[in-house]
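The values are calculated or read from the model by the stated rules, or taken from the named source; none is laboratory data. Everything numeric in this text was worked out from a predicted model, so none of it was measured. No Cβ is skipped: glycine too gets one built from the backbone with ideal geometry, and neighbour counts run over all protein chains shown.
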Amino acid sequence: MSAGALALVLGAAALHATWNGLLAGARDVQATAAVGFAAGALLLLPAGLATWDLDASAWPYVVASAALELVYLALLAAAYGRADLSFVYPVARGSAPVLVLVVSVAALGTSPGALAATGVVAVATGVLLVRGVGGSSEHGALWLALAVGGCIAGYTLVDDEGLAHAAAVPYFTAVMALAAPVYVAAVAAARGPAALRIAATPRALVAGAGMMGAYLLTLAALEIAPPAPVAALRETSVVMAAAAAALAGRERVPRSRLAGAVAVVVGAALIALG
């Protein structure tokens, strides 16, 4: 991998960790997520329209991906309302490649190699360390984080098929254009329009820009580097998020949780490279 590709992937990972940190630390996570989601979709719109290339056959995938994105963001916000970033983020990010691998084996007939199998064990170990063996205080948040991972796995598989019928940026733009208004309307109905006005802060706008920026940097990296190392290096965002939370003093992050985050990164990398 070239130095340029490495910089793009690490930049994408840093942006992804940053927007999750901003969301997790918000007073009203759901409303902040809605404002950020809408802002990010609007920022992406000009690039999507300027490069529009979307076949009619892509729309079923766009709709399915948008539905999964809606559930993903709602579950992520709910999880951050119950537990810390350093708990939710590694579990959600780490479980996704495991679930993708499981579906690929069960439904698509692929055969995982030794590296991928080792990666699954490493991720499972990391999740146990993040949660705390025998711990139950954040049991509900654990299931929410795993459900977030399920959504990530779902839209990853859907998008992998959908992108055969469209260019990446227009495809993602269409997904966001469908999902963002629905999510904003749902939050406004549940929490009231005033909650959205209060949440319309620089924090939410930067989070929204980070959502889109992380995706675009990843696309740029994929244009000049193979997908396996890009996917593997993206998971460094897990360690970045945990370390930033600890260094900033926003959370008490036990050493076992940091070790778990590292194990998740290693496991996800082995799955990607396997």
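Out of Ala64, Ala58, Ala122, I need the residue that is of a type in the set (Gly, Ala, Ser), in contact with a strand residue (DSSP E or B) (Cβ under 8 Å, 6 or more places away or on another chain) and more than 30 Å from Ile198 (Cβ to Cβ). Which one?
Going through Ala64, Ala58, Ala122 in turn, the sole match is Ala58.
Among the residues of the range 39-96, which ones are outside any helix (DSSP H, G or I) and at pLDDT 90 or above?
Passing the criteria: Thr51, Trp52, Asp53, Leu54, Asp55.
Quick one: is Val158 part of a helix (DSSP H, G or I) and at pLDDT 95 or above?
No: the conditions fail for Val158.
What is the number of the single condition among (1) at positive phi; (2) surrounded by 18 or more Cβ atoms within 10 Å (Cβ to Cβ) that Gly192 does not meet?
Just one mismatch for Gly192, condition (2).
Out of curiosity, is Leu99 under 22 Å from Thr125 (Cα atoms), among the aliphatic types (A, V, I, L, M) and touching a residue at least 40 places away in the same chain (Cβ under 8 Å)?
yes
Of the residues that make up the range 40-51, is at least one of a type in the set (Gly, Ala, Ser), under 17 Å from the mean Cα position of the chain (by Cα) and surrounded by fewer than 18 Cβ atoms within 10 Å (Cβ to Cβ)?
There is no residue in the range 40-51 that is of a type in the set (Gly, Ala, Ser), under 17 Å from the mean Cα position of the chain (by Cα) and surrounded by fewer than 18 Cβ atoms within 10 Å (Cβ to Cβ).
Can you tell me which residue among Val103, Val130, Val175 is more than 20 Å from Gly260 (Cα to Cα), in a helix (DSSP H, G or I), at pLDDT below 90 and under 19 Å from the mean Cα position of the chain (by Cα)?
Step by step, each of Val103, Val130, Val175 is checked, and only Val103 is more than 20 Å from Gly260 (Cα to Cα), in a helix (DSSP H, G or I), at pLDDT below 90 and under 19 Å from the mean Cα position of the chain (by Cα).
With respect to Val105, is the statement that it is in contact with a Leu (Cβ under 7 Å, 6 or more places away or on another chain) and more than 23 Å from Pro202 (Cα to Cα) true?
no
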